[in-house]
Amino acid sequence: MSNNVGNGNNEKSRNSFTGSLGFVLAAAGSAVGLGNIWRFPYLAARDGGGLFLIVYLVLALTFGFALLTSEVAIGRLTKQSPLTAYSKLSTGFKSLGVMACVVPMLIMPYYCVIGGWVVKYFLAFVTGSGSGAAEDGYFTGFITGTTSPVIMTVIFLALTVIVVLGGVDKGIERFSRIVMPLLVVLIVAISIYGLTISHTDDNGTVRTGLEGLKVLIIPDMTGMTLPRFFSVLMDAMGQLFYSLSIAMGIMVAYGSYMRDEDNMSKSVANIEIFDTAIAFLAGVMIIPAVYVFMGREGMEASGPGLMFVSLPKVFTCMGPIGNFIGALFFALVLFAALTSSVSILEAIVSSFMDKFGMSRTRATLIEGAIALGLGLLVCLGYNVLYFELTLPNGATAQILDIMDYVSNNLMMPIVAILTCILIGWIIKPEKIIAEITRNGEKFHRRGLYIVMIRFVAPIMLVVLLMKAFGII
Ligand code: PHE
């Protein structure tokens, strides 16, 4: 770790990924997370199945591509962390850097709390007590406790810290190289199993996995009106944004570790494909299984309700093999969540290193302590600090939801809008394009990139932001 001393002015001392594959796996590891598993399948089932998939894919290849490319390029061009990169491009954008560093600092604590919940369920299924975890009230009982959620959060945070302490190539890249292929194997295996099952319910109705698959992939246009389509579009955009880990400084940090000789546009395309494919596979893994055992009503849950309440019930319904499938499933979720939390922590650590000249160890331990303190608050938000607050979008919130809302719905669109302005209008897209093609690579989506970053993306983001504020 001796060469990890972070001094932004000394580019030679900066760690880097060992090549394109390492970069793609680490960045895809960040992108593939809880969002792919607990939100994408639900949105797809609710928003017209195949219709949502098509809208999402088109947005990923246009809007997502433009933002992702921009962030990775900003990182590699400046060789700086999010906190310092933007102001290196234009001195007036210091506050954008601060925001891009505050977002991951806000996300980190509650992501670790949720990661802790995953650890708890993983342990429950691995030790063979999955059916207990499926009982009514188990989840609420667990998160409202005072000690268990805290212990689990600490375990998850410690695992994240250990990986980040290892550095970029020996920690993050090495971890991603092991975990990401495993994740793919697990998701494919569980999906195949889910497609083969069938179940007869109390009324004698037989439901099969393949019928459930149809809900996911066949476009359903019933009741589709223009306003309804607009809301599908907004859902897809919000999901995409979060799913690609955009606007939280992460891709800037990872871009700064990308080697100059690697092909950036190919790597970005690979991240998009990886993230979208895993989201789709998560749908194949979850929707048919939920449909078989719970019918259409079962599909109404998303987020924690889906992952920690509905799915454990589905695994129990599978009979003796359910415990095993549940253990595999929570191992998969744990991998997905860890590679994401590693990237959040790295965005912050790289910022501390560049800005304050701290060593990696010091930066990691300081942010680890901050995340632990705030994470404790989040845990206590379900018992001694319990309150209910209504957010502008109508949802009832505890501390976790408030941190989530402020970071995702408010700050992230603002970071992304300012990034579009910085690139589209201040430093100009040509500067980014020159970085992408620095080794003479072809950049096929050049025209699309310029139009997206200058006009389409900022307008769409403003609409998304207005929706978050409840204005439209
Ligand atoms: N992109 C991740 C997902 O889809 C989520 C994430 C959030 C990752 C915050 C890093 C930071 O779930």
By what distance, in whole Å, do the Cα atoms of the range 74-138 stretch along each of the three principal axes, largest value first?
57, 22, 11
Kirkwood-type radius of the range 150-277, with distances r between different C-alpha atoms, in Å
19.2
Determine, from the Cβ-Cβ distance of Ile370 and Lys88 and an R0 of 35 Å, the FRET efficiency 1/(1 + (r/R0)^6), rounded to the nearest 0.05.
0.90
Run the numbers for Leu389 and Ala434: contour at 0.36 nm per residue of separation, minus the present Cα-Cα distance, in nm.
11.4 nm
For every other residue with a beta carbon closer than 9 angstrom to the beta carbon of Asp235, add +1 if it is Lys or Arg and -1 if Asp or Glu, then tell me the sum.
0
The chain: angle of helix 148-165 to the longest principal axis, Cα-based, in degrees nearest 10:
40
Tell me the GluC sites (Glu not before Pro) within the range 363-472 that lie in a loop according to DSSP and have at most 11 other beta-carbon atoms within 10 Å.
Glu388
Ordering 372-382, 21-31 by per-residue average of other C-beta atoms within 10 angstrom, highest first, gives 21-31, 372-382
In whole Å, how far is the Cα centre of the range 66-92 from that of the range 12-52?
20
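Determine the sum of side-chain charges near Ala468: Lys and Arg each +1, Asp and Glu each -1, restricted to other residues whose C-beta is under 15 angstrom from that of Ala468. List each step's numbers first, then the result.
On the way: positive: Lys467; negative: Asp235, Asp401, Asp404.
Net charge around Ala468: -2.
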Placing one equal point scatterer on each C-alpha of the range 330-370 and summing with Debye, one gets log10 I(q)/I(0) at q = 0.15, 0.26, 0.27, 0.33 Å⁻¹ equal to -0.40, -0.79, -0.82, -1.02
Relative to the longest principal axis of the C-alpha atoms of the chain, give the angle of the C-alpha long axis of helix 65-78, reported between 0 and 90° and rounded to the nearest 10°.
40
Here the alpha-carbon Rg of the chain over 2.2 N^0.38 Å rounds to 0.95
What list do you get for Tyr111, Tyr386 if you sort them by fewest beta carbons within 10 Å?
Tyr386, Tyr111
By count of other Cβ within 10 Å, fewest leading, how are Thr200, Thr208, Thr276 ordered?
Thr200, Thr208, Thr276
Nearest 10 degrees, 0 to 90: what angle lies between the long axis of helix 94-126 and the longest principal axis of the chain (Cα atoms)?
30
Can you tell me which lysines have their Cα less than 29 Å from the Cα of Lys88? Leave out same-chain residues fewer than eight positions away.
Lys12, Lys79, Lys170, Lys266, Lys355, Lys428, Lys431, Lys442
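Read-outs: derived from the displayed coordinates by stated rules, not from any lab. Model, not experiment: these values are computed from the prediction. So basically every Cβ, Gly included, is an ideal-geometry build from the backbone, and we count neighbours across all protein chains shown.
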